[in-house]
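Before I ask anything, let me first share the structure, which is written out below as structure tokens.
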Amino acid sequence: MTTDESDSHGGLVDRQTTGEDRVRMVARQLSEPRTANWIASEAGWSHEPTRRVLERLVEDGVLHRDDSGTHTTYYPDYRRQAMQEAMRLRDSGHTVEELTDRLADMKVRIRDWEDEFDVESPNQLRGTIADRDLDADEEDRRRDVAREWDQLERRIQIVGFAVREWDFLAPATEPGEA
């Protein structure tokens, strides 16, 4: 098989990871509940082994399973994800002042959107698409801004938590103390 052929069949990630590794990677990146079939497709692995890996992740508390709908879905423990991200921010080498500045920048960006579009939330912005005679480019822009606004609000919560809990999130031993 040539390099071009191997790259066309999934590339480097597929060649250096197992199906279970890929399922775990996909599961860790979920931002909304997904079925085992969807996760299997994203991971490039078959359904049954994917389902077994997902069930182990549920048992380990990494994922939650929801059987209430027509299809069983899996979603991450968002609290665990937020805590891990806050710890990564604490350990990233940034200072608390830098994270505070980043937090302020994100809030300014949201206030600018509130002023520009005369709305108070991403969903209100989405609603303006139906209420106004906008061209397709402006509709797309407002959808993109609404998605980014949602993401920034989640980010503000995590960065704010990291700033508030800076001392608590410190590693057991700071570099240089060991």
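The values are calculated or read from the model by the stated rules, or taken from the named source; none is laboratory data. All of these numbers come straight from a predicted model, not from anything done at the bench. Backbone-built Cβ (ideal geometry, glycine too); neighbour counts: all protein chains shown.
So S121 passes all but one of these: (1) over 21 Å from the mean Cα position of the chain (by Cα); (2) modelled with pLDDT of 95 or more. Which condition number does it fail?
(1)
Hey, could you check the range 1-31 for residues that are aliphatic (A, V, I, L, M) and at pLDDT 50 or above and say which is farthest from the chain's Cα centre (by Cα)?
V23
With (1) touching a residue at least 12 places away in the same chain (Cβ under 8 Å); (2) not assigned by TED's automatic domain parsing to the domain that holds D21 as the list, and L57 as the residue in question, which single condition is left unmet?
Every condition holds for L57 apart from (2).
Further question on the same structure: Would you mind finding the one in H71, H64 that is surrounded by fewer than 15 Cβ atoms within 10 Å (Cβ to Cβ) and either outside the structural domain of P33 (by TED's automatic domain parsing) or in a loop (DSSP other than H, G, I, E, B) (or both)?
H71
Next question. Look at L125 and say whether it is in a helix (DSSP H, G or I), in contact (Cβ under 8 Å) with a residue 40 or more places away in the chain and surrounded by 11 or more Cβ atoms within 10 Å (Cβ to Cβ).
So L125 does not fit the description; no.
Can we say R52 is among the basic types (K, R), more than 19 Å from the chain's Cα centre (by Cα) and either surrounded by 11 or more Cβ atoms within 10 Å (Cβ to Cβ) or on the phi > 0 side of the Ramachandran plot (or both)?
It is true that R52 is among the basic types (K, R), more than 19 Å from the chain's Cα centre (by Cα) and either surrounded by 11 or more Cβ atoms within 10 Å (Cβ to Cβ) or on the phi > 0 side of the Ramachandran plot (or both).
On to the next question. Return the residues of the range 73-88 that are in contact with a helix residue (DSSP H, G or I) (Cβ under 8 Å, 6 or more places away or on another chain) and modelled with pLDDT of 95 or more; say none if nothing qualifies.
Hit for the range 73-88 is Y74, nothing else.
Now a separate question. Does V108 fit the bill of being in a helix (DSSP H, G or I) and modelled with pLDDT of 95 or more?
Answer is yes for this residue.
Consider E97 carefully, then state whether it is under 17 Å from the mean Cα position of the chain (by Cα) and acidic (D, E).
Spelling it out, it is not the case that E97 is under 17 Å from the mean Cα position of the chain (by Cα) and acidic (D, E).
Let me ask another. Condition check: over 29 Å from R79 (Cα atoms), at pLDDT below 95 and loosely packed, with under 14 Cβ neighbours inside 10 Å. Does R132 satisfy that?
Here the answer is yes, as R132 does meet what is asked.
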